[in-house]
Amino acid sequence: MKDNQVKSFRFMGGVPTDIYNGIVDVFVTLEGDDFEYWVEIATPQALSSHMEKNKENFLEPGYPCIIVRELTPLVIREALEAFAVDKEDAFWLKLYHLTVEWNINDLNTILDRQKKRLKDEEEED
């Protein structure tokens with residue numbers, strides 16, 4: 001089983017100009033899958049700059065992003081490969097991609113399923 005299943009990726013809006021202080025949208029295609037997954041990739045400096053600009057001590061809740069040291073193709077590919085490991089069926093890449101699509105009903109459905117599972121496990125004990 002291979003660990004790398006990233007076939008290709010491309011930047012939405014072009015290559016970043018500041019590799020240490022930026023946020024980019026990236027489309028990722030996996031081997032054997034023509035679907036393009038969309039993820040946001042950010043540097044720690046960009047997150048810090050965002051908090052400073054908004055005079056905040058934390059990042060407000062929002063779409064999750066993959067955090068990298070620098071926005072170079074080599075580092076971005078390395079991060080994407082970690083998020084798309086085959087042994088997990090690209091779980092983390094798919095999760096980051098899908099999060100933007102979820103709504104509160106989706107989350108409540110998952111929570112209800114978890115509560116039921118926990119209750120069933122307690123009853124078995």
Condition set surrounded by fewer than 16 Cβ atoms within 10 Å (Cβ to Cβ) and among the hydroxyl-bearing types (S, T, Y), scope region 2-39, selection farthest from E70 (Cα to Cα): answer is S8
Condition set outside any helix (DSSP H, G or I) and over 15 Å from E81 (Cα atoms), scope region 34-48, selection farthest from the chain's Cα centre (by Cα): answer is D34
In region 50-85, anything touching a residue at least 12 places away in the same chain (Cβ under 8 Å), of a type outside the set (G, A, S) and either assigned to a strand (DSSP E or B) or closer than 18 Å to L98 by Cβ (or both) is listed as Y63, P64, C65, I66, I67, L80, F83, V85
Here the qualifying pairs (Cβ atoms under 7 Å; residues six or more apart or on different chains; first in region 88-106 and more than 15 Å from T29 (Cα to Cα); second in a loop (DSSP other than H, G, I, E, B) and not aromatic (F, W, Y)) come out as T99/P64
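Computed from the coordinates by the stated procedures, all read-outs in this text should not be read as laboratory data. Keep in mind it's a predicted model, so treat the numbers as computed, not measured. Cβ: placed from backbone, ideal geometry, glycine included. Neighbour counts: every protein chain shown.
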